[in-house]
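Q: There's a structure below that I have some questions on.
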Amino acid sequence: MTQKGSLKSVKKNKAEEPELEPLCCCEYIDRNGEKNHVAAFLCDCQDLDEGCERWITCKSVQPETCERIMETISDRLRIPWLRGAKKVNISIVPPLILLPIFLRVASWHFLLGVVVLTSLPVLALWYYYLTHRRKERTLFFLSLGLFSLGYMYYVFLQEVVPKGRVGPTQLALLTCGLFLILLALYRAKKNPGYLRNPASEDTSLGSHRTECLNRKGQKTKGFPGADVSGILNNRTPRDDQKGSSRSLAGSPTKAKEDWCAQCQLVRPARAWHCRICGTCVRRMDHHCVWINGCVGECNHQAFILALSIFLLTSMYGITLTLDTICRDRSVFTALFYCPGVYADYSSALTFTCVWYSAIITAGMGYIFLIQLINISYNVTEREVQQALRQKTGRRLLCGFIVDTGQYNRGFLRNWHQFSTLGTAPFQHPAEDIV
């Protein structure tokens, strides 16, 4: 009788609750919890009205007002979707709009090309240091990289292929290289080796098992967790493992260094806490803005593979393009001296895109070279930065090469260890155990 009465009361409560109206494709729930419409993008925004009024009257706008305006715009920038409009990250929009405009303006004249192609890396570096200082994740660089690949390929198809100098086999190779880059980036975007707190995992596991027991109809008396002693007993091996890892730390100073207060765990050797991602990463190399994530033990190989495929594909595309618009000249000569290239707008745009690709390729080539050197000496970028700050380790070529000596086992062994990352556990020597 009591069960039937409780079921009736639950049904009455559900009936009394007002049902929410389904959202159409252009409606959404804003940050204030109110229903809004995509068409009302610039409506009822007092901060925007105040900012426009102060801008018209030549008065300065407060930084807090600018932040509130950006928060409102980022909340209202949405696209129509099924069951409600979806939010669009505002950081992916500038590359989609500004990159084609800048490149087309740069193709009008040689001097404009010099100014624009010089300012683009400066603006990118400025935005990088701005977001890095605020410890914010951004999709700007990932959007810039992906859109640059797509736009360069579009210009190649529209301006270079119709000239008849590129054969089907060469076009197929370039297209395959583009798809391989996307596949390698997709693999590099996966889990780099995040470290999870064993206590939180055990808590979630225990709550899940408790729910399963209650669903099966088992009764609990007294304390709610009294009947799940087996779950509590299952926690002891991990707790012992956690305690043993603390005891392996050796000195109290070393244990204090390896204990992460944010993640509440003891980090293994070569693991670091990423302040941008907010979690610890196993064998962390660095946080890469181009993939909007960390490079660690599980995705370092895919990151190197993506860099190598990008460099090969980019250089191959640059060679095919320069061979088309600057005939009978070597690639290096045509890159710096191609007479008459600005006489035609099509060739000028293509030449500007070649220089843009060359700048991006040079930057990625520098990153790739640093990665090869670090792998050869078995050091991560995080360890290199720490050694430079603490003035430890052996430096070569004015600090371009840093050898900490802690994990260096020789060139072949270092590369063998890198080739087995994420596939099989590496047995560290006794002095490497933390």
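Q: Residue under question is residue 336, and the condition is that it be open to solvent by 30 Å² or more (accessible area, probe 1.4 Å) and modelled with pLDDT of 95 or more; does it hold?
A: no
Q: Of all residues in region 359-377, which are farther than 21 Å from residue 274 by Cβ and open to solvent by less than 30 Å² (accessible area, probe 1.4 Å)?
A: 361, 364, 365, 373, 376
Q: Can you pull out the residues in region 12-69 that are modelled with pLDDT of 70 or more and aromatic (Phe, Trp, Tyr)?
A: Matches in region 12-69: 28, 55.
Q: Where in region 252-314 are there strands (runs of 3 or more DSSP E), lying wholly inside it, with at least 2 residues that are open to solvent by less than 30 Å² (accessible area, probe 1.4 Å) and within 18 Å of residue 374 (Cβ to Cβ)? Explain how you work it out, then say what you get.
A: On the way: elements: 272-274, 279-281, 286-288, 293-295.
Of the strands (runs of 3 or more DSSP E) lying wholly inside region 252-314, those with at least 2 residues that are open to solvent by less than 30 Å² (accessible area, probe 1.4 Å) and within 18 Å of residue 374 (Cβ to Cβ) span 293-295.
Q: Sticking with this structure for a sec: Please return the ranges of helices (runs of 4 or more DSSP H) entirely within region 39-148 where 1 or more residues are hydroxyl-bearing (Ser, Thr, Tyr).
A: 63-76, 110-134
Q: Hey, can you tell me all the residues within region 156-174 that are not in a helix (DSSP H, G or I) and not charged (D, E, K, R)?
A: Keep residues of region 156-174 that are not in a helix (DSSP H, G or I), which gives 164-167.
Selection gives 164, 166, 167.
Q: Do we find that residue 395 is open to solvent by 60 Å² or more (accessible area, probe 1.4 Å), within 30 Å of residue 411 (Cα to Cα), in contact with a strand residue (DSSP E or B) (Cβ under 8 Å, 6 or more places away or on another chain) and not in a helix (DSSP H, G or I) in this structure?
A: yes
Q: Can I ask one more? If the requirement is being in the same structural domain as residue 320 (by the TED database), touching a residue at least 40 places away in the same chain (Cβ under 8 Å) and either open to solvent by less than 40 Å² (accessible area, probe 1.4 Å) or in contact with a Leu (Cβ under 7 Å, 6 or more places away or on another chain) (or both), which of these qualifies: 141, 102? Walk me through how you get there before you give the answer.
A: Working: 102 fails: touching a residue at least 40 places away in the same chain (Cβ under 8 Å).
Result of the check over 141, 102: 141.
The values are calculated or read from the model by the stated rules, or taken from the named source; none is laboratory data. Keep in mind it's a predicted model, so treat the numbers as computed, not measured. Here the Cβ is made from the backbone with ideal geometry for all residues, glycine too, and neighbour counts use every protein chain on show. Accessible surface is based on the protein model in full, side chains and every heavy atom, while ligands, DNA and RNA are left aside. Shrake-Rupley method; radii C 1.70, N 1.55, O 1.52, S 1.80 Å.
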